[in-house]
C-alpha cells in the first residue's frame, strides 16, 4: 500500500491535536464572537467563472507543471510525508467549492508537503 493509515503511538497525538484545535476554535469563537460571512457561494462561483482563464493559467503554472515531480517524490518519501499528503485531496476539493480560484496564496498551506516531495523527486533523478 502506498500510504499507511495512522496507528500506533502517533494516533493518540493526532486525536489530541484535533481535540485541541476544536477547543481552540470554540474558545476563539466565544472570545471574538460571531462574524457573518462576507461572501456567499453564489458570489464566489460567479467570481470564479469571470476569472476562469487567468485562474487556470496561474494554477497550471504553480501546481500543474510540478505535479509529476510531486507524485514521483511522494512515492519515495518517508511515511510521515505520505500521510501528510493525505490532506491534499480534501483541501483541493474544499478550495474548488468555496475558494477563489484566482487566489494563489491558498497553495501556501500545501508547501510543507509539496516542497519536500519535489526535493525527493529531484534527488532521486
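The values are calculated or read from the model by the stated rules, or taken from the named source; none is laboratory data. Model, not experiment: these values are computed from the prediction. No Cβ is skipped: glycine too gets one built from the backbone with ideal geometry, and neighbour counts run over all protein chains shown.
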Practice problem: Could you please find all residues in region 88-107 being part of a helix (DSSP H, G or I) and touching a residue at least 12 places away in the same chain (Cβ under 8 Å)? | Solution: 88, 91, 97, 98, 104, 107
Quiz prompt | Residue, nearest to the chain's Cα centre (by Cα), within region 75-104, restricted to residues that are surrounded by fewer than 11 Cβ atoms within 10 Å (Cβ to Cβ) and under 16 Å from residue 64 (Cβ atoms) | solution = 89
Quiz item: Looking at (1) assigned to a helix (DSSP H, G or I); (2) at pLDDT 90 or above, which is the only condition residue 80 fails?
Solution: (2)
Exercise. Go through 85, 117, 110 for me and flag whichever is in a helix (DSSP H, G or I) and in contact (Cβ under 8 Å) with a residue 60 or more places away in the chain.
Key: 85
